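Have a look at the structure below before the remarks.
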Amino acid sequence: MRLLIIGGQTSELSAAAKMAMDRGARVAFAPTIDSGRAALRKGQGADLVMIDVKLDVKGLIAALEAERIAAPVVACGVKADADAAVAAIRAGAKEYVPLPPDADLIAAILEAVSEESSDMIAADPAMKKVIALADQVAASEASILITGESGVGKEVIAKYVHGKSKRVNKPFISINCAAIPENLLESELFGHEKGAFTGAVARRIGKFEEADGGTLLLDEISEMDVRLQAKLLRVLQERVIDRVGGSKPVKVDIRVIATSNRDLAEEVKKGSFREDLLFRLNVVNLNVPPLRERPLDILALAKHFAAKYAALNSVDHRPLSEAAQRAIAASPWPGNVRELENAMHRAVLLAAGEAIEPEAIRLPDGSQMRRAAPTESEGAPEAMVGRTVAQVEQDLILQTLDHCLGNRTHAANILGISIRTLRNKLKQYSEDGVAVPPPGAAERAAG
């Protein structure tokens with residue numbers, strides 16, 4: 001954890017620095033915003049920036065965004081300065097730390113930053129295989145290619161590998177190749193000299209130099225232009241970089257991890273990705289399966305996120321009801337772990353009562369969760385073992401209703417029961433908190 005404190009070295013700020021160092025953080029001071037920005041440009045990166053609220057918090061945040069320097073900012077000031085605290089939060093600060101500092105608060109902020117996006121939950125055998133391979137290669141210096149659909153947790157795996165490596169106490173730097181315009185990505189990666197192009201008002205250290213000694217994550221590398229791929233290949237081969245506008249190479253000591261949600265072998269065939277670069281990156285491949293292929297992880301992750309966001313939002317922790325657990329397990333989660341996490345965050349905020357019920361678990365547009373299409377094996381006797389007759393009956397009724405697009409008359413005919421019996425069953429399910437498909441259009445029109 002790297003902490004940059006911007007402001008005069010008052011006794012209060014020095015106390016905050018000591019508390020952070022006691023918890024393993026590496027702390028640097030910068031007396032002014034300009035000197036803080038200069039330190040960040042020179043590669044003295046920070047995982048967290050703490051700024052005295054008396055300085056221009058809004059200006060600092062705007063400057064960091066303009067220079068695409070990614071570091072969360074927290075403001076700090078005397079406890080009595082409530083107006084300044086409100087202004088800092090409105091300006092974009094993540095938190096306000098009252099001074100003199102509280103040791104527990106400092107520890108909580110550092111922990112929140114260090115744990116951000118690094119939730120590693122693996123209950124399913126398919127995911128445990130990936131973790132076992134990651135454990136096996138983490139201590140090596142091999143480049144790693146992490147593949148999988150969007151939202152499966154590729155960056156989480158990358159951070160896990162870094163945390164298990166010999167470089168754990170060095171920087172972990174991430175750059176999303178798809179999020180930065182093509183004409184700016186070279187400067188972001190390799191840095192630039194003053195005057196190298198219009199707008200280059202000062203020397204800027206790139207991500208390779210910032211990650212020196214540690215790990216560089218090239219997220220969604222398939223989006224990188226072929227010309228830059230050639231320059232990246234040279235870095236991997238020779239461990240030197242050339243800043244844009246620079247006159248001499250700069251040595252770097254890094255481990256590269258790349259991720260992609262595309263099949264890079266297919267991209268090679270299309271001519272959009274260099275085969276030699278693929279060979280360099282893909283020394284070890286960690287393929288993260290989609291959530292639908294690791295079903296045991298679904299409820300484990302859901303419970304984890306429910307607890308996490310209850311604590312984050314300072315609300316009572318509510319367990320998932322049995323009906324909610326069935327609904328979560330039955331959803332296809334096409335957005336993978338990212339979609340599940342967002343859904344559980346909403347559920348924590350929307351839930352009422354003593355438990356999280358299915359009606360609180362909604363899609364971003366407010367609609368109910370989608371149910372997964374039944375597989376061929378779901379009707380097999382082996383899949384029914386350990387379940388009650390009532391549970392099997394409920395799944396059969398709801399799946400038949402889905403098949404009939406909500407037409408209850410047709411569903412009742414297929415099931416061989418009366419429409420009254422079907423309605424009574426659905427009413428009971430609804431009262432139990434189970435999501436029930438609405439009636440079909442023709443039935444709604446009939447009243």
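Tabulated data
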| item | result |
| --- | --- |
| Total residues in region 428-444, condition in a helix (DSSP H, G or I) and either closer than 18 Å to CYS404 by Cβ or at pLDDT below 80 (or both) | 6 |
| Residue count, region 393-440 (criterion: over 38 Å from the mean Cα position of the chain (by Cα) and within 20 Å of LEU363 (Cα to Cα)) | 0 |
| Within region 330-345, considering residues that are small (Gly, Ala, Ser) and at pLDDT below 90, the one surrounded by the most Cβ atoms within 10 Å (Cβ to Cβ) | SER331 |
| Cross-chain or 6+ apart pairs with Cβ under 8 Å, region 273-296 first and in contact (Cβ under 8 Å) with a residue 40 or more places away in the chain, then aromatic (Phe, Trp, Tyr) | LEU291/TRP333; ARG292/TRP333 |
| Region 265-283, residues that are surrounded by 13 or more Cβ atoms within 10 Å (Cβ to Cβ) and farther than 18 Å from VAL235 by Cβ | GLU267, VAL268, SER272 |
| Condition check for ASP365: assigned to a helix (DSSP H, G or I) and at pLDDT below 85 | no |
| Residue within region 24-40 that is under 25 Å from LYS159 (Cα atoms) and either of a type in the set (S, T, N, Q) or assigned by TED's automatic domain parsing to the domain that holds SER174 (or both) present | no |
| Residue in region 12-37 that is surrounded by the fewest Cβ atoms within 10 Å (Cβ to Cβ), counting only those that are part of a helix (DSSP H, G or I) and within 29 Å of the chain's Cα centre (by Cα) | ASP22 |
| Lone unmet requirement of (1) surrounded by 22 or more Cβ atoms within 10 Å (Cβ to Cβ); (2) touching a helix residue (DSSP H, G or I) at 6+ places or on another chain (Cβ under 6 Å); (3) closer than 16 Å to SER143 by Cβ for GLY206 | (3) |
| Close pairs (7 angstrom Cβ cut-off, 6 or more residues apart or separate chains): at positive phi in region 173-196, charged (D, E, K, R) anywhere | GLY191/ARG204; GLY191/GLU209; GLY191/ARG243 |
| Candidates LYS129, LYS164, filtered to the one that is over 26 Å from ASP212 (Cβ atoms), out of contact with any strand residue (DSSP E or B) (no Cβ under 9 Å at 6 or more places or on another chain) and surrounded by fewer than 19 Cβ atoms within 10 Å (Cβ to Cβ) | LYS129 |
| Condition met for SER321 (in contact with a helix residue (DSSP H, G or I) (Cβ under 8 Å, 6 or more places away or on another chain), under 21 Å from MET224 (Cα atoms) and touching a residue at least 12 places away in the same chain (Cβ under 8 Å)) | no |
| Residue match in region 173-193 (condition: within 29 Å of ASP124 (Cβ to Cβ) and not small (Gly, Ala, Ser)) | yes |
| Subset of region 391-437 [among the small types (Gly, Ala, Ser) and more than 26 Å from ALA351 (Cα to Cα)] | GLY406, ALA411, ALA412, GLY416, SER418 |
| Check on LEU228, at pLDDT 90 or above and either farther than 29 Å from ALA39 by Cα or of a type in the set (D, E, K, R) (or both) | no |
| Only one of VAL348, VAL315 that is among the β-branched types (Val, Ile, Thr), over 16 Å from the mean Cα position of the chain (by Cα) and surrounded by fewer than 17 Cβ atoms within 10 Å (Cβ to Cβ) | VAL315 |
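The values are calculated or read from the model by the stated rules, or taken from the named source; none is laboratory data. No experiment lies behind these values; they were computed from the predicted model shown. In this analysis, Cβ positions are derived from the backbone assuming ideal geometry, glycine residues included, and neighbour counts consider all displayed protein chains.
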